[in-house]
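Notes follow the structure.
The values are calculated or read from the model by the stated rules, or taken from the named source; none is laboratory data. Keep in mind that what you see is a predicted model, and the values were worked out from it rather than measured. Using ideal geometry, Cβ is built from the backbone for each residue, glycine included, and neighbour counts are taken over all protein chains shown.
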Amino acid sequence: MAEKKKFYLTTAIAYTSGKPHIGNTYEAVLADSIVRFKRQQGYDVRFQTGTDEHGQKIEIKSQEAGITPKQFVDGVSGEIKSIWDLMNTSYDKFIRTTDEYHEKQVQKIFKKLYSQGDIYKGFYEGMYCTPCESFFTSSQLVDGKCPDCGRECQPAKEEAYFLKLSKYADRLIEHINTHPGFIQPESRKNEMMNNFLLPGLQDLCVSRTSFKWGIPVDFDEGHVVYVWIDALSNYITGLGYDVDGSNALEGGEDLFAKFWPADLHLIGKDILRFHTIYWPVMLMGLGLPLPKQIFGHPWLLQNDGKMSKSKGNVIYADDLVDVFGVDAIRYFVLHEMPYENDGLVTWELVTERINSDLANTLGNLVNRTISMTNKYLGGIAEDKGIQEDVDNELKVLVTSAYKKVTDKMEALRVADAITEVFAIFKRCNKYIDETEPWILGKDESKKDRLSTVLYNLIESIVTGASLLEPFMPETTGKILTQLNANKKSFGNMGQFGLYVPGTKVTDKPEILFVRHDIKEVLEKAEEIRAAQAAANGGSKEDENVIDIEPKPEITFDDFGKMQFQVGEIIACEEVKKSKKLLCSQVKIGSQVKQIVSGIKQYYKAEEMVGKKVMVLVNLKPAKLAGVLSEGMLLCAEDAEGNLALVTPEKDMPAGAEIC
RNA sequence: GGCGGGAUAGCUCAGUUGGCUAGAGCACACGGUUCAUACCCGUGGUGUCAUGGGUUCAAAUCCCUUUCCCGCUACCA
């Protein structure tokens, strides 16, 4: 017997800073549908997902909660896992980056790359540009100055490790060019090439000393492995990979040898860069083959603008499931998601989709078929061989559906694949109209024809239900149970007439999907919203807290070097060539300075005029997009990057010193 | 600013290498039907295929102009 072909799929691991919303959950469900389909096709599948649990944000959140970081991530990771379970995701492995075997291997990986020179120790000393918050290697400096702003770079206290990307860049470019399917969707490939690979890669900082909650660099105390080497490695450590070749075995099997390279890394489009550049470089450094495909999927968004926990308008999978049921939500997220563009999720859209597709088309079809079988045939439909032309049309569509579904799934067009399955159910409804069983039922002489018709229907529904399994596993089970049918194996999808003659359908058909009244749903949503707001409203934690990377301590002298004054904006215009810049004329005392700021998205030029703002005045002038800027307007920035100008709390004259 | 993608029915989008009266789903309207979860089936669009020009026997499809959107990236003193 030929050995089964293997298929290894991973999702990104979810960050354990909080409960995942419906968008995150989407990825797990999408992965699950792909994996279930592969299993149906007969592949030997491994599906890995999990949680990413290190980092400063978690360190701080756990402090606020008054518990250890480990206790904190144990809680969140458990919650994430329970939602994945609720959604019926059939993962084989749920990895946590705090798992001991993972941490140990990450240290070994780090050490190996270091000993090969792929990771090197860099220093901020003389290379750190404080205003740019960036560090540079000596080769990057221009005349010993910051290549970005041209100013002196400062000696800094931190030292850090860097991953040398340039060494493998050519190989990676070659690989991407010779493996067209490597990056999906294809349009993303250009972005990676044009923005990063072709212009030349900057080395990646892979360690931190500013926080402790991470995997320690075991040969250099105080350093902690920073996110990417830690997180990305999960794809191989989860298979038992060991740097020195002695891979861990599971059930006596070397999973790494069997499953690596991954067939598909399923990730959000926002982290494509890390998976298509840094991860391959790491793998090359380790001498391992690259994954076959990386798919950066779009996101499911909520359309009511900014979402935040304190407003209570975040849509969570478990809330939706409470109202609609697991499979309804699986259906919605899989069906609504196009291939390249972001999709939208709202309570209204979910309700419409479910009513129209699940309750009307599918649920009602199963229900009417069973009730007719009971009413006219005592629950037993058999093929009496009285065929008509319309039957063929139905059969052709039903028996060829699996091929269409397969094509769509191979191309990762999951939404289109579901549509192909539903084409069967729609065709069944039409078939009922064409054959008019209720008329056949009135004529005893047509009984054999009636039986054939209903048999054809049941057979078609069984086929459709079987094909539906990767997407809505519970529903498949429910339908088959009501029909007393066995699931059709994938190899038999092209055959018609496998429903066992003499089988009796249930005499009490259960409603598969209830129709929901939009008003009631919205009321329910409002309750959930209120409960969420109440739970989060009072506290300042969660979304309202922003933690940024701490900078080295400065002396009062350092502070004293900076001169702040109140300025009045007397004129302002857009910088034509730029997407973000406004150019303001700012009156400060008796002089007027021209200042360029990146706030076009948040302020219109007209509304700037007349504002009193805080200005850092003695900043060395620099050119931005070709326009001279002689200072800096102070702004506050929130977690989404929204900016607000800082203005004096009482009216103060232009030129007043800020001290 | 650089690179890339897009602009097709009220809405969401299909339209393969240029070729029959430009399509699907949803929504809406009307008609049919009654087995069924007021469900199902059918019918209905004068759409400047964003704009202006060009290549061609023939262009939504290829080339150039303009406008607007989106993604990544840079700049956000």
Restricting attention to the range A:25-52, the residues that are among the acidic types (Asp, Glu) and assigned to a helix (DSSP H, G or I) number exactly 2
Log entry, pairs with first residue in the range A:171-198 being within 15 Å of A:Ile267 (Cα to Cα), second being part of a loop (DSSP other than H, G, I, E, B) and within 12 Å of RNA strand B (Cβ to nearest atom), beta carbons closer than 6 Å, six or more apart or on different chains, reads A:Pro185/A:Glu340
Of the residues in the range A:433-448 that are under 13 Å from A:Thr369 (Cβ atoms) and surrounded by 18 or more Cβ atoms within 10 Å (Cβ to Cβ), the one that is nearest to RNA strand B (Cβ to nearest atom) is A:Pro437
Within the range A:466-480, residues part of a helix (DSSP H, G or I) and touching a residue at least 60 places away in the same chain (Cβ under 8 Å) come out as A:Leu467, A:Pro473, A:Glu474, A:Thr475, A:Ile479
Picked from the range A:253-289 (must be more than 16 Å from RNA strand B (Cβ to nearest atom) and acidic (Asp, Glu)), the residue surrounded by the most Cβ atoms within 10 Å (Cβ to Cβ) is A:Asp263
Residue hits (the range A:379-392; exposed (fewer than 14 other Cβ atoms within 10 Å of the Cβ) and either within 15 Å of RNA strand B (Cβ to nearest atom) or assigned to a loop (DSSP other than H, G, I, E, B) (or both)) are A:Gly385, A:Glu388
Only unsatisfied item for A:Phe94, checking (1) modelled with pLDDT under 95; (2) closer than 20 Å to A:Asp318 by Cα; (3) in contact with a strand residue (DSSP E or B) (Cβ under 9 Å, 6 or more places away or on another chain); (4) not acidic (Asp, Glu), is (1)
In the set A:Gly238, A:Gly222, the lone residue that is surrounded by 21 or more Cβ atoms within 10 Å (Cβ to Cβ) and more than 21 Å from A:Lys167 (Cβ to Cβ) is A:Gly238
ask   = Does at least one position in the range A:169-187 carry a residue that is within 30 Å of A:Asp558 (Cα to Cα), away from RNA strand B (no atom under 14 Å from the Cβ) and either of a type in the set (Ser, Thr, Tyr) or touching a His at 6+ places or on another chain (Cβ under 6 Å) (or both)?
value = no
If we keep only residues of the range A:322-345 that are small (Gly, Ala, Ser) and not in a helix (DSSP H, G or I), then the residue nearest to RNA strand B (Cβ to nearest atom) is A:Gly343
For the range A:412-458 the number of residues that are closer than 24 Å to A:Met337 by Cα and aliphatic (A, V, I, L, M) is 8
Apart from one, (1) under 30 Å from A:Val35 (Cβ atoms); (2) more than 16 Å from RNA strand B (Cβ to nearest atom); (3) free of Cβ contacts under 8 Å to residues at least 40 places away in the same chain all hold for A:Gly222; the odd one out is (1)
Residue match in the range A:346-356 (condition: more than 30 Å from A:Leu412 (Cα to Cα) and near RNA strand B (Cβ under 7 Å from one of its atoms)): no
Only one of (1) within 11 Å of RNA strand B (Cβ to nearest atom); (2) crowded, with 20+ Cβ neighbours inside 10 Å; (3) in contact (Cβ under 8 Å) with a residue 60 or more places away in the chain does not apply to A:Ser451, and that is (1)
Item checked: Filter result for A:Lys104 (of a type in the set (Lys, Arg), farther than 21 Å from A:Thr11 by Cβ, within 33 Å of the chain's Cα centre (by Cα) and modelled with pLDDT of 95 or more) -> yes
In the range A:412-432, residues that are within 7 Å of RNA strand B (Cβ to nearest atom) and under 13 Å from A:Leu362 (Cα atoms) total 3
Among A:Met652, A:Met614, the single one that is away from RNA strand B (no atom under 11 Å from the Cβ), part of a strand (DSSP E or B) and of a type in the set (A, V, I, L, M, F, W, C) is A:Met614
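With respect to A:Tyr376, determine if the residue is within 14 Å of RNA strand B (Cβ to nearest atom), farther than 24 Å from A:Arg529 by Cβ, part of a loop (DSSP other than H, G, I, E, B) and in contact (Cβ under 8 Å) with a residue 60 or more places away in the chain.
Against the criterion (within 14 Å of RNA strand B (Cβ to nearest atom), farther than 24 Å from A:Arg529 by Cβ, part of a loop (DSSP other than H, G, I, E, B) and in contact (Cβ under 8 Å) with a residue 60 or more places away in the chain), A:Tyr376 does not qualify.
Quick test for you: out of A:Met372, A:Met409, pick the one residue that is closer than 14 Å to A:Leu457 by Cα, surrounded by 16 or more Cβ atoms within 10 Å (Cβ to Cβ) and not hydroxyl-bearing (Ser, Thr, Tyr).
Step by step, each of A:Met372, A:Met409 is checked, and only A:Met372 is closer than 14 Å to A:Leu457 by Cα, surrounded by 16 or more Cβ atoms within 10 Å (Cβ to Cβ) and not hydroxyl-bearing (Ser, Thr, Tyr).
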Selection from the range A:254-276 of residues modelled with pLDDT under 95 and over 18 Å from the mean Cα position of the chain (by Cα) yields A:Trp260
Selection from the range A:15-24 of residues surrounded by fewer than 24 Cβ atoms within 10 Å (Cβ to Cβ) and outside any helix (DSSP H, G or I) yields A:Tyr15, A:Ser17, A:Gly18, A:Lys19, A:Pro20, A:His21
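Does any residue of the range A:481-490 turn out to be part of a loop (DSSP other than H, G, I, E, B) and buried (at least 21 other Cβ atoms within 10 Å of the Cβ)?
Yes, there is a match, as at least one residue in the range A:481-490 is part of a loop (DSSP other than H, G, I, E, B) and buried (at least 21 other Cβ atoms within 10 Å of the Cβ).
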Just a yes or no: is a residue in the range A:195-216 among the acidic types (Asp, Glu), away from RNA strand B (no atom under 16 Å from the Cβ) and out of contact with any Gly (no Cβ under 6 Å at 6 or more places or on another chain)? no
Of A:Leu512, A:Leu480, A:Leu498, the only residue that is within 16 Å of RNA strand B (Cβ to nearest atom) and closer than 23 Å to A:Leu397 by Cα is A:Leu480
